[in-house]
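The structure appears right after this line, and notes come after that.
The values are calculated or read from the model by the stated rules, or taken from the named source; none is laboratory data. Because the structure is a prediction, the values reported are computed rather than measured. With ideal geometry, Cβ positions are generated from the backbone for all residues, glycine too; neighbour counts draw on all protein chains shown.
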Amino acid sequence: WNINYDVGYDGWTSEESLLPVNAPVFDFELVGLDDNGASAVQGSSADFSFGGRLTSGAGQLVAFSAQGLPSDAYGEFSPASCTLPCLTTLHISTLRTAPVGIHLIIVKAISAKKEKKLSFKLQITRFSPAPSVSLNAPFIGETVPGSNLILASTVTGDKDLSGSRLIH
């Protein structure tokens, strides 16, 4: 940008010169809203919210992307782009086959002139279905009130049920 200014005493004259004006250089940073990252059980979802904060210059449009999502995990930003300063959320959906563990995710904000990154940890824990219980009672005629009824029970699932009792 250039501004004309007068070097004379009588207002704008032919003695004008050009004075360079330096606008502040656009810059920004990304800040996570949760230092603990995000966590999900296989087959569920998690959210990670963060903001883009101006450190200098005027707000510009940035678009978001993510790297490092494990297989069978999918991410979507809401909003996918915004004019700084702004907040966005990365919604991560996982399938039950997503690998268990801690995964380093990198989110990027890209403007026309700058790119900034922010990393966080996504922890995926193992899906463990609730145990199922089935009761089998052989029918041997009529039951008489006060008599004993013998039931066979089967418990299946991934959870340790030692010390559990079947109450009827």
Residue in the stretch 116-152 that is modelled with the highest pLDDT, counting only those that are part of a strand (DSSP E or B) and loosely packed, with under 11 Cβ neighbours inside 10 Å
Ser132
From the list Asp47, Asp35, pick out the single residue that is under 11 Å from the mean Cα position of the chain (by Cα) and either of a type outside the set (A, V, I, L, M) or surrounded by fewer than 16 Cβ atoms within 10 Å (Cβ to Cβ) (or both).
Asp47
Only residues that are over 27 Å from Phe26 (Cα atoms), without any contact (Cβ under 8 Å) to a residue 40 or more places away in the chain and in a strand (DSSP E or B): list them for the stretch 53-78, please.
Tyr74, Gly75
Would you check if Asn36 is of a type outside the set (A, V, I, L, M, F, W, C), closer than 21 Å to Lys121 by Cα and modelled with pLDDT under 95?
yes
In the stretch 84-115, what count of residues is obtained for those that are under 15 Å from Pro70 (Cβ atoms), surrounded by 14 or more Cβ atoms within 10 Å (Cβ to Cβ) and either at pLDDT below 95 or hydroxyl-bearing (Ser, Thr, Tyr) (or both)?
2
